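Participant: One structure follows; several queries about it will come next.
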Amino acid sequence: MSTTPAVQPAGQAPCALCGVAGPTKYVELYQNIGMVIARRTISVKQHLCRNCIDRCFRSFTLTTLFLGWWGTVSLFITPLILVNNCVRFFMALSLERPSLAAVNRPIDAPLPRLDGTSSRFKFIYGAIVITVALGLLAFYNVAFMEKHAPRLNAMLHGGAVGGGEDAEYRGGKWNNDAVAVLADTKGQDWPAYRSELLSRAPYFTDLAAQNDKIQAALTEEREKNANIGDPCESFALSSFGPAMDELTKTETEKFAFLQRTTTLNDDARSSLKALEDREDSAVKRIQAYYAGRDKRGCK
């Protein structure tokens, strides 16, 4: 980018865009639109009046700011263009604006089109870019989306576990369900205890649904990583997955037991005790996994 010649006095070197015969300054302003595998760049390297400098700066810089980043080359060129445009603009702030008598066209008239890029193209492309960017932000911010937009989060991660974000979503849902299912009860007798746990039916149901998805993904992961010596991965697959599965199966059996057992006789009491022992064992296995994971320095 070349050096900046001196400001031209009024009546000399009229503005290259509007033709005003007032004070002008040589500027180099650029615009870049990144399109992933291609880009569209234009520039103006002319003596311009203050009004045209302002309008070119706003149009070129705002377009580049929002649409210039999307591509490997554009990612590096865009900040250079933004810095250049800002420097050129600030260097022209001392330039006097043309007098009304010198202006031979309305000050607010649109600039002549400098390339084939229409305002409609910029608007549509900008809307697509913003939508994709927001979609990616939503997809990769599972915890934030679960707090503020759970339905959208479910749409984004509601299918099979296909990656880390899906696994984070499924794991978070399973954990919340497990906490709800295992929460302390207030009932002092069997009818009250049974009624309170049966009221947690949505959590029991979702716990099983999330576990099915997670176990399918873990099975696939075991097959993929059969020959990969990652101790953290192996520990998670061999310890956490089975413990999660055992707790889920125990809770599913416990919920079925609660549904069919209206009276707690000796046989039913013995069956409930066996389920509670399995529940405690599974919880301890999960706790042991977290302790062992931290000791190993695994995430």
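The values are calculated or read from the model by the stated rules, or taken from the named source; none is laboratory data. Computed from a predicted model, the values in this text were never measured in an experiment. A quick note on method: Cβ atoms are made from the backbone with ideal geometry, for glycine too, and the neighbour counts reach across all protein chains shown.
Participant: Limited to segment 36-50, what total is found for residues that are in contact (Cβ under 8 Å) with a residue 40 or more places away in the chain and assigned to a loop (DSSP other than H, G, I, E, B)?
Facilitator: Residues meeting the conditions: 1.
Participant: Restricting the search to segment 275-299, which residues are hydrophobic (A, V, I, L, M, F, W, C), part of a helix (DSSP H, G or I) and surrounded by 13 or more Cβ atoms within 10 Å (Cβ to Cβ)?
Facilitator: Hits for segment 275-299 are 275, 282, 283, 286, 288.
Participant: For segment 51-90, enumerate the residues that are of a type in the set (A, V, I, L, M) and either part of a strand (DSSP E or B) or in contact with a Phe, Trp or Tyr (Cβ under 8 Å, 6 or more places away or on another chain) (or both). Even if it seems obvious, please write down each step before you answer.
Facilitator: Here is the first cut: in segment 51-90, the residues of a type in the set (A, V, I, L, M) are 53, 62, 65, 67, 73, 75, 77, 80-83, 87.
Within segment 51-90, 53, 67, 75, 81 meet the criteria.
Participant: Examine segment 218-233 for a residue that is at pLDDT below 95, among the small types (Gly, Ala, Ser) and part of a helix (DSSP H, G or I), and state whether such a residue exists.
Facilitator: Keep residues of segment 218-233 that are at pLDDT below 95, which gives 218-233.
Remaining after also requiring among the small types (Gly, Ala, Ser): 226, 229.
Remaining after also requiring part of a helix (DSSP H, G or I): none.
Checked segment 218-233: no residue is at pLDDT below 95, among the small types (Gly, Ala, Ser) and part of a helix (DSSP H, G or I).
Participant: Between 258, 264, which is surrounded by 15 or more Cβ atoms within 10 Å (Cβ to Cβ), modelled with pLDDT under 90 and either outside the structural domain of residue 183 (by TED's automatic domain parsing) or more than 35 Å from the chain's Cα centre (by Cα) (or both)? Reasoning before the result, please.
Facilitator: Values: 258 fails: modelled with pLDDT under 90.
Being surrounded by 15 or more Cβ atoms within 10 Å (Cβ to Cβ), modelled with pLDDT under 90 and either outside the structural domain of residue 183 (by TED's automatic domain parsing) or more than 35 Å from the chain's Cα centre (by Cα) (or both) holds for just one of 258, 264, which is 264.
Participant: Oh, and also: Show the residue pairs that are 6+ apart or on different chains and have beta-carbon atoms under 6 Å apart, the first residue being within segment 234-247 and over 13 Å from residue 175 (Cα atoms), the second being at pLDDT below 85 and charged (D, E, K, R).
Facilitator: Taking only residues 6 or more apart or on different chains, the pairs are 237/222.
Participant: Can you name every residue in segment 234-257 that is farther than 16 Å from residue 179 by Cα and touching a Ser or Thr at 6+ places or on another chain (Cβ under 9 Å)?
Facilitator: 241, 257
Participant: Further question: Can you tell me which residue within segment 58-107, out of those that are at pLDDT below 85 and of a type in the set (A, V, I, L, M, F, W, C), is farthest from residue 21 (Cα to Cα)?
Facilitator: 107
Participant: Further, regarding this structure: Quick check on residue 208: is it of a type in the set (A, V, I, L, M), closer than 30 Å to residue 239 by Cβ and not in a helix (DSSP H, G or I)?
Facilitator: no
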